[in-house]
1. Taking the conditions exactly as written (more than 11 Å from the chain's Cα centre (by Cα) and either crowded, with 23+ Cβ neighbours inside 10 Å or not in a helix (DSSP H, G or I) (or both)), does VAL121 satisfy them or not?
2. Please count how many residues of segment 124-133 are in a loop (DSSP other than H, G, I, E, B) and either open to solvent by less than 50 Å² (accessible area, probe 1.4 Å) or touching a strand residue (DSSP E or B) at 6+ places or on another chain (Cβ under 6 Å) (or both).
3. Restricting attention to segment 36-92, report how many residues are assigned to a strand (DSSP E or B), at pLDDT below 95 and open to solvent by less than 60 Å² (accessible area, probe 1.4 Å).
4. Under the condition of being in a strand (DSSP E or B) and in contact with a Phe, Trp or Tyr (Cβ under 7 Å, 6 or more places away or on another chain), which residue from segment 134-150 is surrounded by the most Cβ atoms within 10 Å (Cβ to Cβ)?
5. Give the residue that is nearest to SER72 (Cα to Cα), with candidates limited to residues of segment 93-118 that are open to solvent by less than 50 Å² (accessible area, probe 1.4 Å) and polar (S, T, N, Q).
6. I'm trying to understand the selection: among the residues of segment 101-118, which are under 23 Å from ALA155 (Cα atoms) and assigned to a loop (DSSP other than H, G, I, E, B)?
7. I want to confirm something. Restricting to segment 166-187 and keeping residues that are surrounded by fewer than 17 Cβ atoms within 10 Å (Cβ to Cβ) and assigned to a strand (DSSP E or B), which single residue is modelled with the lowest pLDDT?
Amino acid sequence: GNVSSSGGGAGIGITCAEVNGNITSVDAAGPLPCVTQDTANINTAITNKGTAYTNTNGLPACVTNQSAGILSGLTLTRGVYFFNTGVSIPTDLHLDALGDATARWDFQVNGTLTEASAVTVFLDNGALASNVTWTVTGFTQIGANAHFEGVIIGADYIQLITGASVHGRLLTHTYIALDQNVVTQLP
C-alpha cells in the first residue's frame, strides 16, 4: 500500500523496495529517491482521518466494556463496542458477520489496544476488514507473529512487533513502528 508522512521525508524509515505503492511526504526531503511531495493529498488524508476518528467515536455504543476489555476467546457480532479502559486481545478473537457482508464493528477504546503474540483476529461468515474500525486514545501494539484485521485510527503510536501482520489500514496522529511486518492495504 501507500506510506505517507506529514513530517519531513527523512522520518520515513523504510526503503523503496519495501513498499508496494507510493511513498509521499509534505516536503519530499530525505534519502529515498522514491519519496515524492504530495502536501495537498496528505493534508486531505489528515482531515479525513480526523473526521473518521470523530465520527466513529460519536456513534452510540450498543455494548459497553465487553468482558472488562479483555477480549479472550470471544466471537463478536456486529455492533459499536465502547471501552472506558484499555483493551487486550490475549487469545484469538472472531468477528462473525452471520452471512451479512455489510455487518460493521466499531470499537471505541479509551486507552491502549494490545494484541498478544501469535494471536489472530478472524473474520467469519462474510465479515470484511474494511467494516472493522478501532479508534484508540492510547498506543496500539500488535504482538510478534500476531495477525490483526481492520482499520486502526490511533491518537498515539502504533507498533507492530516482529512478524506481526495487518489486513487493513494504520492511521495515527504520531508514528507507526514496523519490524519485518506485512500490512495489506484494504481495497
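The values are calculated or read from the model by the stated rules, or taken from the named source; none is laboratory data. Remember, it's a predicted structure, so these values are computed and weren't measured experimentally. Reconstructed Cβ throughout: ideal geometry from the backbone, glycine too, with neighbour counts over all protein chains shown. The accessibility values were calculated without ligands, DNA or RNA, using every heavy atom of the protein model including side chains. Shrake-Rupley method; radii C 1.70, N 1.55, O 1.52, S 1.80 Å.
1. Working: more than 11 Å from the chain's Cα centre (by Cα): yes; either crowded, with 23+ Cβ neighbours inside 10 Å or not in a helix (DSSP H, G or I) (or both): yes.
Taking the combined requirement at face value, the residue satisfies it.
2. Applying the first criterion (in a loop (DSSP other than H, G, I, E, B)) to segment 124-133 yields 125-128.
With either open to solvent by less than 50 Å² (accessible area, probe 1.4 Å) or touching a strand residue (DSSP E or B) at 6+ places or on another chain (Cβ under 6 Å) (or both) added as a condition, the list becomes 125-127.
Summing the residues that are in a loop (DSSP other than H, G, I, E, B) and either open to solvent by less than 50 Å² (accessible area, probe 1.4 Å) or touching a strand residue (DSSP E or B) at 6+ places or on another chain (Cβ under 6 Å) (or both) in segment 124-133 gives 3.
3. Going through segment 36-92, the residues assigned to a strand (DSSP E or B) turn out to be 36-37, 63-64, 70, 75-76, 79-83, 87-89.
In the following step, the residues that additionally are at pLDDT below 95 were identified as 36-37, 63-64.
Next, from what is left, pick out any that are open to solvent by less than 60 Å² (accessible area, probe 1.4 Å): 63.
Here the count works out to 1.
4. Kept after step one, since they are in a strand (DSSP E or B), are these residues of segment 134-150: 134-136, 140-142, 147-150.
With the extra rule that they be in contact with a Phe, Trp or Tyr (Cβ under 7 Å, 6 or more places away or on another chain), the set shrinks to 134-135, 142, 150.
On the way: TRP134: 23, THR135: 23, ILE142: 27, GLY150: 24.
Among those residues, the one meeting the criterion is ILE142.
5. THR114
6. Looking only at segment 101-118, we keep the residues that are under 23 Å from ALA155 (Cα atoms), and these are 104-117.
Scanning segment 101-118 gives ARG104, ASN110, GLY111, THR112, ALA116, SER117.
7. Top of the filtered list is GLN185.
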